[in-house]
Amino acid sequence: MASYFFRVEHDLLRSDAFRSLGGSAIKVYLVIGLYSDFGTDWGYPSTRTIARQAGLSRQTVIDAIQELIASGLVIANKSRGKSTAYRIIREPAPERRPTGDRAKPTSSKKTSSAPRTGRDLLEGPPETGPKSLVDPSKSGLFSLVEPAQKLDHSGREGGPKRETGSKEDTASAAIPGTPFRLSADGRLLVAVDLQELLTDQGLPENLASRLVTQRDPEAVAKVLLNALYLQSQGKLQNAPGYIRSGIEDGYDLLPQVANRLETRRRELQERLRRIEREQSQAREVDSLASQEAAVSYVLENLHPDELKRLTAVALKALPEPVVRRNPTLSNPFVRGKVYELACGEPVE
């Protein structure tokens, strides 16, 4: 049986940010990590799921999430009409400076960092942001069907643990190494801040805001997937320029990217068919169980004399072959017929 894990860095455990957390916040941090993607640290558990898994009330979970965000250990991204996405931060927050008279004054102005290029996104510090589709050990995109979190060779699929039976599980599939998902009909689903992703790729904030406002999120996601793939191949020297042109001109997916997404889509469709079969079988079992419960209830509440009379009538009404070997109420045909007679018109 495969083993799974959620890594917590030693430096994080030793940090001031971690030491300042309450017990509920620590539990919520671990639960979000349980449901986060191993490659991107993005997770999509609902508040109800977190509360159930952590054994906390919904309000306590909400307060804990705010505490984690304030401590710089979790990033929450909520888009209209989308589920909240959480990103686990594994690096410890900067240590607090002394507040005494000898403390050096710090500037309140935010220090701006140089725009991140596509290569920065692929090769930047580990575990600090959305990663590309690229596995450094491979020459192309992640194999979209490989497990990302498997510890043995048993063949069990790894990867992020999501809520079983959730809409997200059954309606779409994660694209490994990205914050995007793929629907069964091939649409790219976006549950994160695209403007932030564009600025991470080096686009100015005002331009990123305009592009996101003017273009469909799926069109933006396609261009970003293309750019990440081209960067992985060393074929993209000007990522911001390519991304801007691609979004404005409506670039479609590159064949190499489209082929891998198509493989993922087909697997998702097969999974949906399997889930539908399992659900259909479960409904059938439930229906039979409900029917048997109704039959038992009716028969148990019949007067013994009435039950005996209806049994005799049922034996006469049923074909002789089905009652020859077992003319009692343990015969399902007899039980069903007696139930029909008891629930139907009075039998003379």
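Bear in mind these aren't lab numbers, they're just calculated from the coordinates by the rules spelled out. What you are looking at is a predicted structure, and each value in this text was computed from that prediction instead of being measured. Methodologically, a virtual Cβ is constructed for each residue, glycine included, from the backbone with ideal geometry; neighbour enumeration extends over all protein chains shown.
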With +1 assigned to the C-beta of every Lys and Arg and -1 to the C-beta of every Asp and Glu, and no other charges, what is the dipole magnitude of region 10-88 about the Cα centre in debye, to the nearest 20? 340 debye
Quick one: grab Rg to one decimal and Dmax as a whole number for region 10-88, Cα atoms only, in Å. 11.9, 38
Assign one of three labels to region 174-243, namely rounded, prolate or oblate, based on the Cα gyration tensor with a ≥ b ≥ c the square roots of its eigenvalues; rounded applies when a/c is under 1.5, prolate when it is not and a/b is larger than b/c, and oblate otherwise. oblate
For residue 249, the net charge from surrounding residues (Cβ-Cβ under 12 Å; K, R +1; D, E -1) works out to +1
So if we plug the beta-carbon distance of residue 52 and residue 320 into 1/(1 + (r/R0)^6) with R0 = 45 Å, what FRET efficiency do we get, rounded to 0.05? 0.20
Find out how many positive minus negative residues lie around residue 56, taking Lys and Arg as positive, Asp and Glu as negative, among other residues whose Cβ is under 12 Å from that of residue 56. +3
Using only C-alpha atoms and all pairs of different ones, pull out the Kirkwood radius for region 302-348 in Å with one decimal. 10.6 Å
